[in-house]
1. Among (1) aliphatic (A, V, I, L, M); (2) surrounded by fewer than 20 Cβ atoms within 10 Å (Cβ to Cβ); (3) within 15 Å of the chain's Cα centre (by Cα), where does L61 come up short?
2. Anything in the range 22-33 that is surrounded by 15 or more Cβ atoms within 10 Å (Cβ to Cβ), out of contact with any Cys (no Cβ under 7 Å at 6 or more places or on another chain) and not aliphatic (A, V, I, L, M)? List them, or say none.
3. Quick one: is S50 in a helix (DSSP H, G or I), surrounded by 14 or more Cβ atoms within 10 Å (Cβ to Cβ), modelled with pLDDT of 95 or more and out of contact with any Asp or Glu (no Cβ under 6 Å at 6 or more places or on another chain)?
4. Suppose the filter is over 22 Å from the mean Cα position of the chain (by Cα), part of a helix (DSSP H, G or I), of a type outside the set (S, T, N, Q) and closer than 20 Å to I105 by Cβ; does F43 pass it?
Amino acid sequence: MILPGAFFEAINGILAVMFAWVIAWFLYDVISVFRIYGLRRSFYEEAAASIACLIAFAGDLLIRGAVWWLRHLDNDGLATQATRGLSLSVVAVGLLVSIVGCACIIRHLAPNQLGTWPWLLAVATALALGIGFAI
């Protein structure tokens, strides 16, 4: 069974809007913490998880938004090579932003005694498996 294009358009649209709300709430948290601590080390220590999640979700929002827009144009027969190229570029940027955000989340949550290994291992295995299965 092949899923209809409108189904994928709806999925990406729903998630893009949800991620926008998630980003808004993480941003609210970061601003609230900033108002308390100002631009000091304690601000970063308190807001690091929210900043990392904000970055990860922002990357995913870029991906979902670009795919939603392209799916919408495709489903209406309006997609062009230019819109496909632009969507691919936005998805590529979103991928890089998401990788950085996810690495930051792992870096923040992993025990300090493990050093950089947790996030390096995560990025390396994600790239290896993602690219490996695609080839």
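The values are calculated or read from the model by the stated rules, or taken from the named source; none is laboratory data. Since the structure is predicted, the reported quantities are computational estimates derived from the model, not experimental observations. Here the Cβ is made from the backbone with ideal geometry for all residues, glycine too, and neighbour counts use every protein chain on show.
1. Only one criterion is unmet by L61, namely (2).
2. The answer is D29, and nothing else.
3. On the way: in a helix (DSSP H, G or I): yes; surrounded by 14 or more Cβ atoms within 10 Å (Cβ to Cβ): yes; modelled with pLDDT of 95 or more: yes; out of contact with any Asp or Glu (no Cβ under 6 Å at 6 or more places or on another chain): no.
It is false that S50 is in a helix (DSSP H, G or I), surrounded by 14 or more Cβ atoms within 10 Å (Cβ to Cβ), modelled with pLDDT of 95 or more and out of contact with any Asp or Glu (no Cβ under 6 Å at 6 or more places or on another chain).
4. Values: over 22 Å from the mean Cα position of the chain (by Cα): yes; part of a helix (DSSP H, G or I): yes; of a type outside the set (S, T, N, Q): yes; closer than 20 Å to I105 by Cβ: yes.
Against the criterion (over 22 Å from the mean Cα position of the chain (by Cα), part of a helix (DSSP H, G or I), of a type outside the set (S, T, N, Q) and closer than 20 Å to I105 by Cβ), F43 qualifies.
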